[in-house]
Amino acid sequence: MRILCLIKQVPDSLHVPMGSDLTLQREFTAQILNHADESAVELALRLRDAHGGSVTALTMGPARAEGTLRELVARGVDRAALLSSPACAGADTWATSFALCAAVRALGDFDLVLFGRRAADGETGQVGPMTSALLGLPCISNVTQARLEEGHVVADQLTEEGIFTWQASLPAALTLCEWSYPLRLPTLCGLSRARSAGMIRLTPEGIGLRPDVCGLRGSPTRVIRVHAHTQGVRNPRWICASEAAEVVARLLNTGPEESHENACLL
C-alpha cells in the first residue's frame, strides 16, 4: 500500500501583507501545517500501520517548508518530497494543481492520495479535487472517516444533508476534514531519523513543467486584495411572552430593518 499525502504550510496568522506583485508576503509570518492536512497524514499512518506499505509527504513551497516535512518524518512519515522554485510563487489553485499533478507522477504510482479538504489561507477546497481530476483518480471530498476493504476505500463524507458513505476502487483520492484524525506526536526515534532523513527535491524543470504554466504566470486568476471580514454588532431584544402565539406573531412581524437583530425570549 503506497500512500501519498499532499500537505501545505499556512500562515499562523490572519494578517499577511500582500506585495506589489500581488502575492502574499509569507517570509515574516510563522508557518504551521494546515489543520486539515494533519488529518490526512494521520489517516495515512494508520492505514500503513494496519495494512503495511509506505507513506510519502509532498508539498510545494519555499525552501523553509523542508522543516515541516522533517517534522512529519518525526511523526512517522517514510519519505518526504519538496517541490520548490521561485517560478512557483503566486500560483492559484489551477497552477498549483497542475504542478502537484506533475510532481505526483514524477514520484511514481500510489494506491491512495490524501489531501486536507481546504487550506486555512485560501479556503477554496479546490486543489484536492482538481489534482485528483488531473491524475484521473476518483475523489471523495469532505471525508470524516475512511477504511480499506478488498481493493476499495470506503469513506464517510460530511455534507449539509448529513453523512453519506461512498466506496471507490483503488487508486483513489480523499480530502479530509479538519480534526477527523488528530495527528500523533513525534517520537524520540522519529526526531533522530528526521534530522538525517533524505529529502526528495523537485523543480519545475525536473518534472517537465514549462515556466509559463507555473506560479503567477500560469495562473488564470489573481488576488488583488485580502482583508478580514468583521461581523456586525448584534443588538438582541428581549421579548416577554406568556403564550407561544404571541411570540410567533412578534417574530413574523419583524421588519427588514430588524432582520439582523436577535429575539431573546424570557
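The values are calculated or read from the model by the stated rules, or taken from the named source; none is laboratory data. Note that the coordinates shown come from a computational prediction; the quantities given were computed from them, not determined experimentally. Here Cβ is always computed from backbone atoms with ideal geometry, including for glycine, and neighbour counts include all displayed protein chains. These accessible areas exclude ligands, DNA and RNA; they are computed on the full protein's heavy atoms, side chains included. Shrake-Rupley method; radii C 1.70, N 1.55, O 1.52, S 1.80 Å.
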From the list Arg118, Arg105, Arg79, Arg70, exactly one residue is within 12 Å of the chain's Cα centre (by Cα) and either free of Cβ contacts under 8 Å to residues at least 24 places away in the same chain or open to solvent by 50 Å² or more (accessible area, probe 1.4 Å) (or both). Which is it?
Arg118
Going residue by residue through the stretch 26-41, is there one that turns out to be open to solvent by 60 Å² or more (accessible area, probe 1.4 Å), of a type in the set (Lys, Arg) and at pLDDT below 95?
yes
Can you confirm whether Ala50 is open to solvent by 20 Å² or more (accessible area, probe 1.4 Å), of a type in the set (A, V, I, L, M, F, W, C) and modelled with pLDDT of 95 or more?
yes
Among the residues of the stretch 193-245, the number that are surrounded by 12 or more Cβ atoms within 10 Å (Cβ to Cβ) and at pLDDT 70 or above is 22
Can you confirm whether the stretch 130-140 contains a residue that is open to solvent by less than 20 Å² (accessible area, probe 1.4 Å), more than 17 Å from the chain's Cα centre (by Cα) and either more than 27 Å from Asp49 (Cα to Cα) or in contact (Cβ under 8 Å) with a residue 60 or more places away in the chain (or both)?
no
Per the filter on the stretch 194-218, residues touching a Gly at 6+ places or on another chain (Cβ under 7 Å) and part of a loop (DSSP other than H, G, I, E, B) are Gly215, Leu216
